[in-house]
Amino acid sequence: MYATERHEAIAGLVRQHGRVAVADVAAQFGVTTETVRRDLAALERAGLLRRVHGGAVPTSALTVVERAVADRDADRAEVKDRIARAALDLVPHGGSIALDAGTTTVRLARLLPTDSPLLVVTSAVPVAAQLAGAGAIDLHLIGGRVRGTTHAAVGPEALRAVEALRVDTAFVGANGITPDHGLTTPDHDEAALKRALVAAGRRVVVLADASKIGSEHLVRFAQLDEVDVLVTDASAPRRDLKSFEARGVEVVVA
């Protein structure tokens, strides 16, 4: 296969799968990993993909643009439902949790039992709307400027409130997560709030479907050594999941 044909094929794999690994591409096309790295470099220069540790992702995986909650909610809905159900097993009975903004954390909020005591802290308006008046749940809503994109409270007021808290478990979402760069999101204010939520949790659980794995966004808000558990789905790249586990993160596949 000529280099140009291989380039087209690799670009197609990235578009189809969302992420490719250097070793897998080398095995598929019968070339060395060094050749694949040169191919990826050429494709990146052409604007057809972005290289990340160990492989490549679509150009859209590295972005400062966020999609609105309504647009994201329908994406991979069944997968997010499974992740939320798996995360429910990690909710401490009679304890305290923090719920980050996100379409998967809202799904977890819908599943929380309302007949047993649980203290819930959230900066997310949709989460609060779901839990307001819900039985034995003691709901605490963090105030601040509400971002239209994520419907999350951010800013100095929200940060001060979260920084004063300590909860049993913080359930956090991310726009991107990689073994080497950690957890990222496009917005500085949102990243600051997420960073505070991570610091507030005795245990930190990240809810991230496979589309988030391998993506890197503008602002990092946590390293992997700050994460205790990652709940994701079965389509996540096995290579990355093993890398997470090697760094001490428990991986739950929903």
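Would you be able to tell me the number of residues in segment 105-134 that are part of a strand (DSSP E or B) and either among the hydrophobic types (A, V, I, L, M, F, W, C) or surrounded by fewer than 22 Cβ atoms within 10 Å (Cβ to Cβ) (or both)? Break it down stepwise before answering.
Looking only at segment 105-134, we keep the residues that are part of a strand (DSSP E or B), and these are 118-122, 124.
Then keep just the ones that are either among the hydrophobic types (A, V, I, L, M, F, W, C) or surrounded by fewer than 22 Cβ atoms within 10 Å (Cβ to Cβ) (or both); that gives 118-121, 124.
Selection size over segment 105-134: 5.
Determine which single condition Ala170 fails, assuming it passes every other condition in (1) crowded, with 19+ Cβ neighbours inside 10 Å; (2) over 30 Å from His53 (Cα atoms); (3) touching a strand residue (DSSP E or B) at 6+ places or on another chain (Cβ under 9 Å).
(2)
Could you tell me which numbered condition Val204 fails, if it satisfies all but one of (1) open to solvent by 10 Å² or more (accessible area, probe 1.4 Å); (2) free of Cβ contacts under 8 Å to residues at least 40 places away in the same chain; (3) more than 11 Å from the chain's Cα centre (by Cα)?
(1)
From the set of residues in segment 135-161 that are open to solvent by less than 60 Å² (accessible area, probe 1.4 Å) and assigned to a strand (DSSP E or B), which is farthest from Val198 (Cα to Cα)?
Here the answer is Ile137.
Can you list the strands (runs of 3 or more DSSP E) found entirely within segment 162-254 that contain at least 2 residues being over 21 Å from Arg82 (Cα atoms)? Lay out the reasoning, then the answer.
Working: elements: 167-173, 176-178, 182-185, 201-207, 219-222, 229-232, 250-253.
Of the strands (runs of 3 or more DSSP E) lying wholly inside segment 162-254, those with at least 2 residues that are over 21 Å from Arg82 (Cα atoms) span 167-173, 182-185, 201-207, 219-222.
Take Ala191 and tell me if it is more than 14 Å from the chain's Cα centre (by Cα) and touching a residue at least 24 places away in the same chain (Cβ under 8 Å). Show your work before the answer.
On the way: more than 14 Å from the chain's Cα centre (by Cα): no; touching a residue at least 24 places away in the same chain (Cβ under 8 Å): yes.
It is false that Ala191 is more than 14 Å from the chain's Cα centre (by Cα) and touching a residue at least 24 places away in the same chain (Cβ under 8 Å).
The values are calculated or read from the model by the stated rules, or taken from the named source; none is laboratory data. Everything numeric in this text was worked out from a predicted model, so none of it was measured. FYI the Cβ positions are ideal-geometry reconstructions off the backbone, even for glycines, and counts take in every protein chain you see. Surface areas here come from the heavy atoms of the whole protein model, side chains and all, with no ligands, DNA or RNA. Shrake-Rupley method; radii C 1.70, N 1.55, O 1.52, S 1.80 Å.
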